[in-house]
Amino acid sequence: MTENYLPLAYLNAWEYCPRRFYLEYVLGEMEDNEHIILGRHLHRNINEELAIAEGDTIIRQQQWVWSDRLKIAGIIDAVEESEGQLVPVEYKKGKMAQHLNDHFQLCGAALCLEERTGRSITYGEIFYHTNRRRQTVAFTPELRQATENAIALAQLAATREMPIPIDNTKKCQSCSLQRICLPFEVKALRSQ
């Protein structure tokens, strides 16, 4: 049913770097680095589907969500429910900042939850391990529209040729696919 839907994790990859998205989603390239391994390690305690009650809050871990309208699907780390309000939660290894890739992934999950439940979700939260704090992400009309635009662009990019490397040295240096992507080498060849 959802086999041709864009996975939420690849929406995150798309916003981080369209070339990385293409290498992972279209070509199936994957490679671990310290960031990937640490992220996997930090998720070890939440990588099973279960429900936990903490006071008046029910926390459902590893929830499968999808949107038939947007053709996206994936697993959200947790959905907290308190007083009828659903709050999607993602766990990230990095530190708190304005990471649109994380915001898009979280908002995409909320859009899926809204479609599945018929309930309005006004915000979600991202727990950043490095800061050990949660960042609240309001699902504003602007973020919702930007997320839907990113979904459409990623789905379209999957049918096109591989994008050129981005101009962000810091992202490229931190990327697990640097040895496959060869961003600096490709840029040098393109400038000749």
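The values are calculated or read from the model by the stated rules, or taken from the named source; none is laboratory data. Being a predicted model, the structure only gives us computed values, none of them experimental. Every residue, glycine as well, gets a Cβ built from its backbone with ideal geometry; the counts of neighbours run over all protein chains shown. Only protein heavy atoms, including side chains, enter the accessible area calculation; ligands, DNA and RNA are left aside. Shrake-Rupley method; radii C 1.70, N 1.55, O 1.52, S 1.80 Å.
Points worth noting:
- Accessible area of the chain belonging to carbon and sulfur atoms, whole % at 1.4 Å probe: 51
- Estimated FRET transfer efficiency (residue 133, residue 179; beta-carbon r; R0 41 Å; 0.05): 0.80
- In plain terms, if you count all Cα to Cα distances in the stretch 129-192 and split them into 10 Å steps from zero, the share in each step is 16, 27, 37, 18, 2 percent.
- Taking a quarter of the surface of the Cα convex hull of the chain gives a mean projected area of 11.5 nm².
- Take every pair of alpha-carbon atoms less than 8 Å apart whose residues are at least six positions apart; their mean separation over the length of the stretch 65-120 yields a relative contact order of 40 percent.
- For the stretch 77-192: relative contact order, % (alpha-carbon pairs under 8 angstrom, 6 or more apart): 20
- Once the 1.4 Å probe is applied to the protein heavy atoms, the chain comes out at 56 Å² accessible per residue.
- Dimensions of the stretch 72-132 along the principal axes, based on C-alpha atoms and rounded to the nearest Å, stand at 34, 27, 18, largest first.
- Accessible area per residue was computed with a 1.4 Å probe on protein heavy atoms; residue 56 scores about 130 Å².
- For the residues 186, 89, a 1.4 Å probe over the protein chains yields an accessible-area ranking, largest first, of 186, 89.
- Total formal charge among the other residues, if their Cβ is under 11 angstrom from that of residue 165, Lys/Arg +1 and Asp/Glu -1: +3
- Eligible lysines near residue 187 by straight Cα distance, threshold 28 Å, same-chain separation 8 or greater: 170, 171
- Prolate/oblate/rounded call for the stretch 86-192, Cα gyration tensor, a/c under 1.5 rounded: oblate
- Cβ-defined net charge surrounding residue 87, 12 Å radius [Lys, Arg +1; Asp, Glu -1]: -3
- Formal net charge of residues neighbouring residue 3 (Cβ-Cβ distance under 14 Å; K, R +1; D, E -1): 0
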